[in-house]
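The values are calculated or read from the model by the stated rules, or taken from the named source; none is laboratory data. None of the values given here were measured: they were computed from a predicted structure. Positions of Cβ are backbone-derived with ideal geometry, glycine not excepted, and every protein chain shown enters the neighbour counts.
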Amino acid sequence: MMNLTVFSTFNNITYINNQYLQMHQHVQIGFIIIITFCFCFFIYFILVLLVVYFTTPHVRENARYILFAHMLINDTVYLSLGLFLSMGVGLLIYIPVPICYILVTCAAATFRITPYNLAFMALERYVAICFPLRHTMLCTAQRSYVAIAAMWFVGWLPSFADFIVLISSVEIKYFSRNLLCRHQSLLVLPVQNIIQSSILIGSFILVSLVILYTYIKVMLIARKTGSGKSSASKAGRTLILHAVQLFLCLLSLTSSFSEKYQGEYNFLVIMLNFLMLMYLPRLLSPLIYGIRDKVFSKSIKKMYSTIK
């Protein structure tokens, strides 16, 4: 009789565990579907904005829109890599170190480039409001492309330094390993963390000072005009948006702390981090610009009215 009771209890526990595992798998699949849908929406919206950019001649020659289009492309690359890496870690997929290093390095570079892009966009608005007569001379399409090249050069410098430190300090057999592909897994030496943290902190401080300086100068001009609808006031609100974007980029760094959790809900934590700290901040900029900017909003309305 006791054996039957123990056997029945064991069956009940097994059934409950199976039910729990099935529910856990369903939740994982649900999160994957939600994340995939959100990512596809982002890509679709970015493509609409880029179509407007590439099909409107005067937009392609405007420094402000060149920098904006570059930010869209850069954020798309960052989110694509971020989604792939998050899925890989969440689903416990092990990747060879060389491939992982390339993916993580590209993701880190595109992450660093976003604040630099915000700084140049803030400077463009500053020149447009404070030096309107010199704006067309200073903010040309050619100089915008030079600024983009400078962003990529500076953005990749820490990665080059990290690579030199890594190959000069670890054994060659390290690169034959497979691991869960995330940034923390590739920090095998303390100096790597020092290099990454120092440059990241310095970049955020510098960009914050640039945005703060340009905002103060632009708002002084807006106060002189005394009109809430003046171009200076609109530029001031744009700079506030850039400051919010910078803060959200900084906030996304907190994901590294929550991802140290290795419990049974690790996958959900990683997916929530991607959705809240990586996806939503990048969606904010194209969404607001697409609605707020007259050039893009008119072109999008015209595009969809033609389709209908």
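Taking the criterion of being part of a loop (DSSP other than H, G, I, E, B) and acidic (Asp, Glu), the only residue of region 155-195 that qualifies is Glu171. Which one of Leu133, Leu85 is under 27 Å from Met278 (Cβ atoms) and either aliphatic (A, V, I, L, M) or surrounded by fewer than 16 Cβ atoms within 10 Å (Cβ to Cβ) (or both)? Answer to the selection: Leu85. If the condition is being among the aliphatic types (A, V, I, L, M), touching a Gly at 6+ places or on another chain (Cβ under 8 Å) and part of a helix (DSSP H, G or I), then region 81-135 contributes Ala107, Ala109, Ile113. Number of residues in region 94-152 that are acidic (Asp, Glu) and more than 21 Å from Ala63 (Cα to Cα) equals 0.
Residue-by-condition table, conditions (1) closer than 14 Å to Ile66 by Cβ; (2) small (Gly, Ala, Ser):
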{"site": "Pro132", "(1), (2)": "no, no"}
{"site": "Met137", "(1), (2)": "no, no"}
{"site": "Thr140", "(1), (2)": "yes, no"}
{"site": "Arg143", "(1), (2)": "yes, no"}
{"site": "Ala147", "(1), (2)": "yes, yes"}
{"site": "Ala150", "(1), (2)": "yes, yes"}
{"site": "Phe153", "(1), (2)": "no, no"}
{"site": "Pro158", "(1), (2)": "no, no"}
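For Tyr304, are the conditions met, namely being outside any helix (DSSP H, G or I) and either at pLDDT below 75 or in contact with an Asp or Glu (Cβ under 9 Å, 6 or more places away or on another chain) (or both)?
Criteria not met by Tyr304.
Residues checked against (1) more than 22 Å from Val77 (Cα to Cα); (2) among the aliphatic types (A, V, I, L, M); (3) modelled with pLDDT of 75 or more:
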| position | (1), (2), (3) |
| --- | --- |
| Ile216 | yes, yes, yes |
| Gly226 | yes, no, no |
| Ala232 | yes, yes, no |
| Thr238 | yes, no, yes |
| His242 | no, no, yes |
| Met278 | no, yes, yes |
| Gly290 | no, no, no |
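Residues checked against (1) on the phi > 0 side of the Ramachandran plot; (2) among the acidic types (Asp, Glu); (3) surrounded by 10 or more Cβ atoms within 10 Å (Cβ to Cβ); (4) at pLDDT 85 or above:
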residue	(1), (2), (3), (4)
Met2	no, no, no, no
Met23	no, no, yes, no
Phe37	no, no, yes, yes
Leu47	no, no, yes, yes
Val51	no, no, yes, yes
Pro57	no, no, no, no
Tyr65	no, no, yes, yes
His70	no, no, yes, yes
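The residue that is modelled with the lowest pLDDT, counting only those in region 244-276 that are under 24 Å from Ile205 (Cβ atoms), of a type outside the set (A, V, I, L, M, F, W, C) and surrounded by 14 or more Cβ atoms within 10 Å (Cβ to Cβ), is Ser255. Can you confirm whether Ile194 is closer than 30 Å to Gly236 by Cβ and not charged (D, E, K, R)? When the stated conditions are applied, Ile194 does not pass them. Picking from residues in region 270-290 that are without any contact (Cβ under 8 Å) to a residue 60 or more places away in the chain and either in contact with a helix residue (DSSP H, G or I) (Cβ under 6 Å, 6 or more places away or on another chain) or of a type in the set (S, T, N, Q) (or both), the one that is farthest from Ala243 (Cα to Cα) is Leu277.
Which ones in region 136-150 are in a helix (DSSP H, G or I), of a type outside the set (Ser, Thr, Tyr) and in contact (Cβ under 8 Å) with a residue 40 or more places away in the chain?
Kept after step one, since they are in a helix (DSSP H, G or I), are these residues of region 136-150: 136-138, 141-150.
Okay, now just the ones that are also of a type outside the set (Ser, Thr, Tyr), so 137-138, 141-143, 146-150.
Result: Ala141, Arg143, Ala147, Ile148.
One line per residue, one yes/no per condition, for (1) among the small types (Gly, Ala, Ser); (2) modelled with pLDDT of 85 or more; (3) surrounded by 14 or more Cβ atoms within 10 Å (Cβ to Cβ):
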residue: Ser159; (1), (2), (3): yes, yes, yes
residue: Ile164; (1), (2), (3): no, yes, no
residue: Ser169; (1), (2), (3): yes, no, no
residue: Lys173; (1), (2), (3): no, no, no
residue: Cys181; (1), (2), (3): no, yes, yes
residue: Leu187; (1), (2), (3): no, no, yes
residue: Gln196; (1), (2), (3): no, no, yes
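Residues that are more than 15 Å from Ala119 (Cβ to Cβ), in contact with a helix residue (DSSP H, G or I) (Cβ under 9 Å, 6 or more places away or on another chain) and surrounded by fewer than 15 Cβ atoms within 10 Å (Cβ to Cβ) within region 138-157 comprise Leu138, Ala141, Tyr145, Leu157, listed in sequence order.
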